[in-house]
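Asks: First, the structure itself, so that you have it in front of you.
Throughout, read-outs are computed from the coordinates displayed, never taken from laboratory work. Bear in mind the structure is a predicted one, so any value in this text is a computation, not a measurement. Neighbour counts run over all protein chains shown; Cβ positions are idealised from the backbone, glycine included.
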Amino acid sequence: MFDNKDKTNLNELGEFGLIKHLTSQIELKNESSEKGIGDDAAVLDFKGKKTLISTDLLLENVHFDLRYVPLKHLGYKAVQVNLSDIYAMNGIASQVTISIGLSSKFPLEAIEELYQGALIACEKYNVDLIGGDTSTSAQGLVISVTSIGYADEDQVALRSGAKEGDLICVSGDLGGAYVGLQLLEREKQIFLENPNIQPDLEGKDYIVERQLKPEARRDVVELFRHLNVKPNSMIDVSDGLASDLFHICDASKLGCKLYEEKIPIDPMTYETAREFGLDPTVCALSGGEDYELLFTVPQSEYDKVKNQLDISIIGYMTEESAGRQLISKSGNVHELKAQGWNAFS
């Protein structure tokens, strides 16, 4: 992918030279970050808050394809998908560590692009990069991000906290990232068959960005604080609406009733799915990588959330014996099925 002419070989820097080069301009901004990069471990002080920690692993040709994923976008996405896990606990993300394994095909300038995207995400979400590791890799590019955050004990939202009768809500819209991936894969195949044909992504910016540069929903957590709403349960939509709702059902030992007509789908997602011969509802239920927040709240909070433009009420939790149901637009009752992302398939 890279022309190594006039590029800086990583052998010239070595591991410690690379780390120093990438981290020399980092400044800590969070009060909880007492000590960052430069010692054997970072030092954090959350002053009595509950600490939240999450780790994600991204592997080349499993989670991303460098034939159409720009490295700057990849660095940005690697950070934000990890921060999304902290927001899904109703917490505030404050620090990340980033570790990479890379082969000799990557010059210094390529790694700078990757870190530039990661640091843009850190700046946007007000988190500090406090550590990480680098290594050679024989299996392509490997990225591991650990995110750290905090929340008051009474504000932490677990998957197991849903109650019978809770309203099922979701932020934003769904299915766009999956349909964007189908578009990118189609253009990749066309390019591989004829490299002279340029990608045709005109007018599809929204769904392409949903795949390449999704945004974690810190703003929704901030909205909860503003509305004085505490979700009983919450999860981010990384594997598909159905799969992630099932996680809440399993952990809370409840059933659910979901209404197809209430599932938020952007018009571009809907139209492009139809162009591919796909059912837009299936894309929303099973696509994944939207990184919206799926949560439940008591029915007593209905008036607080009903008029929020970026929140959709899509169903409610039922007793476990009632099963997991999808009510179609025509009013028919179907068993809700989860066909989302499986890391080992």
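Asks: If you take every residue apart from T97 with its C-beta less than 11 Å away from the C-beta of T97, what net charge results, scoring Lys and Arg +1 and Asp and Glu -1?
Replies: Result for the local shell: -2.
Asks: While we're looking at this one, here's another question. Expected output is a single nm value to one decimal: the length gained when fully extending between Q308 and V62, i.e. 0.36 nm times separation in residues minus the C-alpha distance. What is it?
Replies: Extending this stretch completely gives an extra 84.9 nm.
Asks: In addition: Given the Cα-Cα distance of K47 and N228 and 0.36 nm per residue of separation, how much length would full extension add, in nm?
Replies: 62.9 nm
Asks: In addition: D219 to I190: extension gain in nm, 0.36 nm per residue of separation minus the Cα-Cα distance?
Replies: 6.6 nm
Asks: Given 5 Å bins starting at zero, what is the percent of C-alpha pairs of segment 22-181 in each, up to the one with the largest pair distance?
Replies: All Cα pairs considered, the percentages come to 2, 8, 16, 19, 18, 15, 10, 7, 3, 1, 0, 0.
Asks: Show which aspartates and glutamates lie in cross-link reach of K47 when reach means a straight Cα distance below 13 angstrom and same-chain residues fewer than eight apart are skipped.
Replies: Cross-link targets: E31, E34, D152, E153.
Asks: Charges only on Cβ, +1 for Lys and Arg, -1 for Asp and Glu: so what's the dipole of segment 66-119 about the Cα centre, in debye to the nearest 20?
Replies: Numbers: 4 positive and 4 negative charges, 34 e Å.
With Lys and Arg at +1 and Asp and Glu at -1, about 160 debye.
Asks: With equal scatterers on the alpha carbons only and no solvent term, can you work out the Debye log10 of I(q)/I(0) for the chain at 0.11 1/Å?
Replies: So the normalised log intensities are -0.78.
Asks: Related question: Computed over the Cα atoms, what is the radius of gyration of segment 74-148 divided by 2.2 N^0.38 Å, N being its residue count?
Replies: Details: Rg = 12.5 Å, N = 75, 2.2 N^0.38 = 11.3 Å.
For segment 74-148, the normalised Cα radius of gyration comes out at 1.10.
Asks: Hey, another quick one. Can you tell me what share of the DSSP beta bridges in the chain is antiparallel? A percent to the nearest 5 is fine. Can you show the working numbers first?
Replies: Values: 42 of 56 bridges.
The antiparallel fraction comes to roughly 75 percent.
Asks: Near V79, within a Cβ-to-Cβ distance under 13 Å, what is the net charge of the other residues, with Lys and Arg +1 and Asp and Glu -1?
Replies: Overall, the nearby charge balance is 0.
Asks: Let me know the charge dipole size of the chain about its Cα centre in debye, to the nearest 20, where only the beta-carbon of Lys, Arg (+1) and Asp, Glu (-1) is charged. Don't skip to the end; give the middle numbers.
Replies: Numbers: 33 positive and 55 negative charges, 79 e Å.
I would put it at about 380 debye.
Asks: Pairs of Cα atoms under 8 Å, at least six residues apart: use those to get the relative contact order of segment 207-345, whole percent.
Replies: Values: 205 pairs, mean separation 53.6, N = 139.
That works out to 39 percent.
Asks: Let me ask you something else. Taking the alpha-carbon set of segment 275-339, what are its Rg and Dmax in Å?
Replies: Using the Cα atoms of segment 275-339, the pair Rg, Dmax is 14.1, 41 Å.
Asks: As an exercise, take the mean of 1/r over every pair of distinct alpha carbons in segment 163-210, invert it, and state the Kirkwood radius in angstroms. Provide the component values of the computation, followed by the final result.
Replies: On the way: mean 1/r = 0.0774 Å⁻¹.
Evaluated over segment 163-210, this radius sits at 12.9 Å.
Asks: Across segment 190-300, how large is the tail of the calculated P(r) beyond 20 Å, expressed as a percent of all Cα pairs?
Replies: When every Cα pair of segment 190-300 is considered, 53 percent fall beyond 20 Å.
Asks: Let me ask another. Enumerate the lysines that K204 could reach by cross-link, defined here as Cα to Cα under 18 Å, with residues fewer than 8 away along the same chain left out.
Replies: K188, K213
Asks: Follow-up question, since we're still on this one. From the helices alone, meaning DSSP H stretches of at least four residues, give me the mean residue ellipticity at 222 nm for the chain, per-run term -39500 (n - 2.57), in deg cm²/dmol to the nearest 500.
Replies: The per-residue figure over the chain is -10000 deg cm²/dmol.
Asks: Given labels modelled 7 Å from the Cα in the Cβ direction, how far is it in nm from V282 to D200?
Replies: 2.4
Asks: Using modelled backbone amide H atoms (1.01 Å from N, in-plane), which distant-in-sequence or interchain residues come within less than 5 Å of R67's amide H?
Replies: none
Asks: Once all Cα-Cα distances of segment 126-271 are split into 5 Å bins that start at 0, what whole-number percent is in each one?
Replies: Going from the shortest bin to the longest, the percentages are 2, 7, 12, 14, 16, 15, 14, 10, 6, 3, 1, 0.
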